[in-house]
1. Got a sec? How would T62, T55, T158 order by Cβ neighbour count within 10 Å, fewest to most?
2. What label, among (i) 99, 47, 27; (ii) 52, 31, 31; (iii) 43, 32, 31, belongs to Cα extents along the principal axes in Å computed from the structure on display?
3. So what is the 222 nm mean residue ellipticity for the chain from helices alone, if each DSSP H run of at least 4 adds -39500 (n - 2.57) and you divide by all residues, rounding to the nearest 500 deg cm²/dmol?
4. Obtain the nm distance between the two label points defined at Y78 and L19 by a simple spin-label model: each point lies 7 Å from its Cα along the Cα-to-C-beta direction.
5. Charges on Cβ only, +1 for Lys and Arg, -1 for Asp and Glu, centred on the Cα centroid of the stretch 40-149; of N140, G49, P128, which one is farthest towards the dipole's positive end?
6. Please rank Y50, Y78, Y90, fewest neighbouring Cβ atoms within 10 Å first, as an exposure proxy.
7. Take the alpha carbon atoms of the stretch 45-77, find their center, do the same for the stretch 144-158, and report the distance between the two centers in whole angstrom.
8. How do E64, E161 rank when sorted from fewest to most other Cβ atoms within 10 Å of their own Cβ?
Amino acid sequence: MKTLLLMRHGKSSWKDKDLPDHERPLKKKGKKDSEKMAKLMKDKELIPGYVLSSTAKRAKMTVEEVINQIGYQGEIKYLDVLYQAEPNDYVSVLAEVPDEVDNVLIVGHNPSLEAFVQILSNDIESLPTAALARIDLAINSWKEMGSNSYGKLVGLWTPRELED
């Protein structure tokens, strides 16, 4: 069995209207919420063995907040394809993950993350900023990921439901 953690980036800033979407940073709330989710990951022992992320600034900043809080020191792959990904893009990048890795964290964007959760689990869920979904996959190798892969949504957490 493999575990997939899907996290939407934290709340981003629209302060500088001239910045391209890809370059928008996290706002203070986004950093705080990312830290909250990292604490939850640590408390629930949801520590990834591998991290994949969009190259968007807000996604990278979310990853930085999370890894600093959980003490992650493994590999992080920032992939352009995850910026405006389609669900099949997630499948493709997961198929490249080394099989010795059991837990993968992907930090990305909506609407593709919500669609991917629905495709994998048949659950329709909202993923607000900094939300984290845990999906357990009935596979032994990441290469088994495909369009017909199925998983069980065993957890979904949002910053709003966590105490400060």
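1. Arranged by neighbour count, lowest to highest, T62, T55, T158 become T55, T158, T62.
2. (iii)
3. -9000 deg cm²/dmol
4. So the two model labels end up 1.4 nm from each other.
5. P128
6. Working: Y50 20, Y78 16, Y90 24.
Fewest-to-most ranking of Y50, Y78, Y90: Y78, Y50, Y90.
7. 19 Å
8. Numbers: E64 15, E161 10.
Listing E64, E161 from fewest to most nearby Cβ atoms yields E161, E64.
Every number here is computed from the coordinates shown, using simple stated rules; none is lab data. The shown structure was predicted, so the numbers you read here are calculated from the model rather than taken from an experiment. Positions of Cβ are generated from backbone atoms using ideal geometry, with glycine treated the same way; all protein chains shown enter the neighbour counts.
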